[in-house]
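Okay, so here's the structure we're looking at.
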Amino acid sequence: QRPNSHCEVRASSMDQMDGGGAGRRVKVVGKVERLDGQSLTYSEFVDRFMKPNLPVVLTGLTSSWPSCEDWTFAGPDDRRRPNLPFFAQNFSSPRVQVADCSAREYTDHKRLEMSMQEFVDHWVRNSNTVSSSGHGEASSLYLKDWHFVKEYPDYVAYTTPPFFVDDWLNMYLDSHPMHRDSDIANYKNEVNCDDYRFVYIGAKGTWTPLHADVFRSYSWSANVCGRKLWLFLAPSQSHLIFDRNLRSSVYDINEDVSEKQFPEFNKAEWIECIQEQNEIIFVPSGWYHQVYNLEDTISINHNWFNAYNLHWVWNLLHEDHKVAKEYIEDIRDICDNFEALCQRNLAANTGMNFYDFFIFITRFVLANVIELYHVQKPEDAKVNSPEATHHYVYNLMQIREVASKMISAEAFSIENLCVISEGNRSAMSDVTKILKDDGFRRLWMTLSEAYECIRRGQRILYKVRYLNQKGCLSVTCLKSYCNVVDRITFFMRVIRGPEDLVRLIDTALPER
């Protein structure tokens, strides 16, 4: 009985969409769980959703956000509406990325660039036409991937809830470049950018095609105003939306999907969610989803990953590398550095390559080793709970598992490591240089503060003490002089590849 009732809910949800649901009706077998975020602890969130990789809607977490007032105005029935003039007057970004939801371009909507004023004018012009004539279409333009935090760092529109602050991706990009190779460092597209914190603004009827998130990251999405319909497919069923060659996936689950091209699509079982204003949805790794704006909507979205889904990132890089390699295999014999070409193509297509990822995880190993050192010294630290120790140990064990898989990759052979770019070699080798680098020190401090925020979210309050820039940056450290950096460099001065990283972790975790 339960799947049938959910299928009926699916039909009624689609009836709320202008023109939606006219095509194929997918089989919906369940709904996303909805919880009061204020009554949920971080450990409960990890155990019930992040670690098992399951979606959830959280309520009660956005009431103090300035964006909920500044960016909206009161509409009928206590519904908030986008305050478009506020955006045009206060956030005149030179150019914003806009998707035309009426035009397909490859696997996404056609992308345009325009000023914020042009976007607002287009929206208002279309809305006035619909209101005056009683027919016509609302704007099909959907402002996406707006790097609001990067562009307006002094305007605090929101605060990230404690459930999502263990965000290694954005911590890293706030203090490090993603790429060190000069020939790819300036390459920018929607999967290769300065950060992964976005604002989306779209009229009723705008939508996002079926996709899984960049890097197979987690994401969280908060509705500042408006309502969205989400349709999710679990990773265990993702093969059902691909063609026979597992190369091309379904673009729109509501169009007439070709049974010849996608023979198993009808077997897919979907989970549905209607997200209301002021609600936050957690999107797990590898879950394909298609999203519709049921009302004029503003949302805040972050992509992120950490120890709990790091293996998803490596698995994607590994699979995409195989595709990049197969694509140019016929020129291997005439290529001076075949692996370097594969890595450049991987960075351009996926947003990160093996060397970028290795440099990334090296810094998080070092930062977690430093924090673990502090919590294991009760006389020197204000936090020495078993929970804190478990957190850092888990992080290091998950990185170790991924690094162990990387050892056999051709990119990390002695031959290929001897010819990597100077930028990559410098970034991954000298431990002392890394530990003294301002970018690493900023990352280390941000990581330490993030875990302090998590502890505060669990109602454990500590007074945060910031030390001199030359001193220890760990929030937990009580010493005026700390020799943790000297201890690390005593054990290992040079990291040449994944094997060395595994040895460093084993040194930090001798009894585990």
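The values are calculated or read from the model by the stated rules, or taken from the named source; none is laboratory data. Quantities reported herein were computed from a predicted structural model and do not represent experimental measurements. Because the Cβ atoms are built from the backbone with ideal geometry, glycine has one as well, and the counts that use them run over all protein chains shown. Heads up: the accessible areas ignore ligands, DNA and RNA and are worked out on the full protein's heavy atoms, side chains in. Shrake-Rupley method; radii C 1.70, N 1.55, O 1.52, S 1.80 Å.
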Just check the chain against the gyration tensor rule for me: Cα atoms, a ≥ b ≥ c as the square roots of the eigenvalues, rounded for a/c under 1.5, and otherwise prolate or oblate depending on whether a/b exceeds b/c. prolate
So for ARG442, ARG111, what's the accessible-area order with a 1.4 Å probe, most first? ARG442, ARG111
Skip the ligands, DNA and RNA, and give the accessible area per residue of the chain with a 1.4 Å probe, whole Å². 45 Å²
Name the residues whose placed amide hydrogens come within less than 5 Å of the amide hydrogen of MET114, ignoring near sequence neighbours (fewer than 5 apart) on the same chain. VAL96, VAL98
Could you give each residue of segment 85-95 its phi-based ³J(HN,Hα) in whole Hz, using Karplus coefficients 6.51, -1.76, 1.60 with θ = phi - 60°, and x for Gly or Pro? x, 4, 5, 5, 7, 10, 10, 7, 3, x, 8
Pop the C-beta distance of PHE73 and SER236 into the FRET formula with R0 = 45 Å and round what comes out to the nearest 0.05. 0.55
Using only the C-alpha atoms of segment 65-172, find the volume of their convex hull and express it per residue in Å³. 160 Å³
Probe 1.4 Å, all chains present, heavy atoms only: LYS433 accessible area in Å², nearest 10, is 110 Å²
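Could you rank ASP183, ASP500, ASP437 by how accessible they are, 1.4 Å probe, largest area first? Show your work: numbers first, answer last.
Details: ASP183 95, ASP500 15, ASP437 70 Å².
Reading off the accessible areas and sorting them downward yields ASP183, ASP437, ASP500.
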Of the candidates SER127, PRO52, PRO153, the farthest towards the positive dipole end of the chain (Lys/Arg Cβ +1, Asp/Glu Cβ -1, centred on the Cα centre) is PRO52
Once all protein chains are kept in place, HIS318 shows an accessible area at probe 1.4 Å, nearest 10 Å², of 70 Å²
Within the under-13-Å Cβ sphere about PHE491, not counting PHE491, Lys/Arg +1 and Asp/Glu -1 give a net charge of 0
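What number comes out for the charge environment of ALA367, summing +1 per Lys or Arg and -1 per Asp or Glu over other residues with Cβ under 11 Å away? Walk me through the numbers on the way to the answer.
Values: positive: ARG363, ARG441, ARG442; negative: GLU371.
That sum, taken over residues with Cβ under 11 Å, equals +2.
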SER92 - accessible surface, heavy atoms, 1.4 Å probe, Å² rounded to 10: 80 Å²
Simple SL model, points at 7 angstrom along Cα→Cβ for SER63 and PHE490; separation in nm is 5.1 nm
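About the Cα centre of the chain, what is the dipole size in debye to 20, counting +1 per Lys and Arg Cβ and -1 per Asp and Glu Cβ, all else neutral?
On the way: 56 positive and 69 negative charges, 234 e Å.
Dipole of the chain, to the nearest 20 debye: 1120 debye.
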Between segment 194-238 and segment 339-359, what's the alpha-carbon centroid distance in Å? 25 Å
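When Lys and Arg each count +1 and Asp and Glu each count -1, what net charge do the other residues less than 15 Å away from PRO153, Cβ to Cβ, add up to?
Details: positive: LYS150, ARG197, ARG442; negative: GLU151, ASP154, ASP174, ASP194, ASP195.
Result for the neighbourhood of PRO153: -2.
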Segment 361-451 - Rg (one decimal) and Dmax (whole number), Cα, Å: 15.5, 47
In terms of the charge dipole of the chain, which places +1 on Lys and Arg and -1 on Asp and Glu at the beta carbon, the residue among TRP71, LEU35, CYS101 farthest towards the positive end is LEU35
What percent does the relative contact order of the chain come to when contacts are Cα pairs within less than 8 Å and at least six residues apart? 17 percent
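Quick one: which of LYS228/LYS267; LYS51/LYS322; LYS325/LYS436 span more than 32 angstrom between C-alpha atoms? Show your work: numbers first, answer last.
Numbers: LYS228/LYS267 25 Å; LYS51/LYS322 27 Å; LYS325/LYS436 36 Å.
In this structure, LYS325/LYS436 lie more than 32 Å apart at Cα.
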